[in-house]
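A short reminder: the numbers here are calculations on the coordinates, not readings from a lab. As the structure is a computational prediction, the values presented were derived from the model and not from experiment. Note that each Cβ is placed from the backbone with ideal geometry, even for glycine, and that neighbours are counted across all protein chains shown.
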């Protein structure tokens with residue numbers, strides 16, 4: 001049987017987040033952000049606890065195969081009146097202490113099925129932990145890229161604001177000497193105000209992404225963390241067939257789905273165990289007396305002390321239960337079928353997900369080429385419009401329009417680069433691969 005996918009984080013996660021903000025580097029890179037999220041994010045700690053709990057449950061189910069040792073101590077006081085007079089109970093009562101060792105011999109495969117189910121559940125929860133870690137990796141990378149996108153947009157808006165302020169200064173100077181109408185100055189002032197407003201919005205988007213990154217890394221809201229990176233283009237050359245093969249082989253949720261089918265089968269096996277008899281071997285020894293310390297006291301006709309041992313086997317078999325076991329068996333069988341259908345549906349969903357993510361990668365890759373040409377053309381158009389305006393052969397509107405188009409082109413290029421890397425993060429996770437650094441080839 002294929003082994004469960006191992007968790008990504010190998011160390012011991014801390015029980016609290018008190019020291020999560022300590023040891024922060026001056027500038028956190030994407031791999032460092034992913035590593036800290038895998039270590040400090042509380043949701044992964046909860047998933048890890050579930051995995052460890054299931055492993056202890058497997059060990060508990062294994063212990064059911066061994067013998068059981070039980071002890072009992074009883075104290076009974078009786079009063080009996082009879083005629084004619086017979087032996088009366090001891091005055092101090094009857095006390096007994098017993099020890100029994102029992103060993104299950106055959107439980108209708110119930111113990112084996114329960115252990116196998118617990119082992120499958122432990123494997124499934126281990127795979128669930130890796131699945132959660134992959135999802136956390138994608139989430140951190142997405143918000144990291146959103147932060148870099150927001151930083152680029154802030155830089156672009158600042159450049160736009162600087163260009164518009166320069167245009168306002170030039171227009172005002174032309175107006176002062178009577179070369180331009182007041183309308184041009186008013187238009188320039190309006191555009192400066194709009195640029196300031198867009199800059200404020202861009203800075204707010206950046207700070208929001210920063211706050212979300214801190215949250216994913218287990219950092220408090222007051223933590224001052226710096227994140228460093230760039231929206232670099234890294235080629236992705238895998239074919240659809242290669243991506244699908246990798247996904248079917250590595251995705252933890254597919255492993256979990258297969259284990260779910262097996263777990264449902266073990267549940268049915270537990271139900272079917274009621275068709276069979278249960279056999280148990282045992283050995284017990286019992287000591288009795290008429291005092292709490294199991295000794296003999298009092299007159300001979302009202303005192304007692306003895307030791308009894310017994311070895312044997314017990315067999316029980318519920319032969320007829322009005323169809324209870326039969327219909328429970330059918331119910332469990334339909335649940336097995338349900339799990340198989342869900343596994344097949346997940347495989348189809350994985351195929352669609354891989355293809356859609358790969359198309360998103362190709363789309364963003366094409367957009368980058370188009371956007372780069374757009375930025376180059378928009379920058380040249382702005383320079384031409386500005387030169388024409390300064391030479392009194394162009395209008396103020398031409399300059400403002402060219403500046404706006406340059407800002408839009410820069411935002412499009414930034415968005416295309418960020419979308420490409422985001423799609424790259426998504427397809428890696430869709431294939432079940434761990435890539436903390438998207439910039440690495």
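One entry in (1) 1.71; (2) 1.05; (3) 1.01 is Cα Rg over 2.2 N^0.38 Å calculated from the shown coordinates; its label is (1). Kindly state, to the nearest 0.05, the FRET efficiency for residue 291 paired with residue 100, given R0 = 30 Å and r defined as their beta-carbon distance. The calculated FRET efficiency here is 0.85.
Once the Cα atoms are used to define both axes, helix 240-250 deviates from the longest principal axis of the chain by about 30 degrees.
Looking at the square roots a ≥ b ≥ c of the eigenvalues of the Cα gyration tensor of segment 175-252, which shape do they give, rounded for a/c under 1.5, prolate if a/b is larger than b/c, or oblate? Oblate.
Per-residue ellipticity at 222 nm, computed for the chain from helices alone with -39500 (n - 2.57) per DSSP H run of at least four residues, works out to -22500 deg cm²/dmol.
Using the Cβ-Cβ distance between residue 12 and residue 222 with R0 = 25 Å, the FRET efficiency computed as 1/(1 + (r/R0)^6) comes to roughly 0.40. Relative to the dominant Cα principal axis of the chain, helix 30-40 is inclined by about 30°.
The distance separating the Cα centre of segment 307-344 from that of segment 406-437 comes to 53 Å. Full extension of the segment from residue 215 to residue 319, taken as 0.36 nm per residue of separation minus the current Cα-Cα distance, would add 31.5 nm. Quick one: helix 42-63 against the long Cα principal axis of the chain, what's the angle to the nearest 10°, folded into 0 to 90? Value to nearest ten degrees: 20. Note on 439, 71: ascending count of other Cβ atoms within 10 Å places them as 71, 439, the fewest first.
Applying 0.36 nm per residue to the separation of residue 166 and residue 200 and subtracting their alpha-carbon distance, the gain on full extension is 10.3 nm.
The slack in the chain from residue 49 to residue 64, taken as 0.36 nm per residue of separation less the alpha-carbon distance, amounts to 3.1 nm. Once the gyration tensor of the Cα atoms in segment 324-425 is diagonalised, the equivalent ellipsoid follows with semi-axes of 60, 12, 7 Å, ordered largest first.
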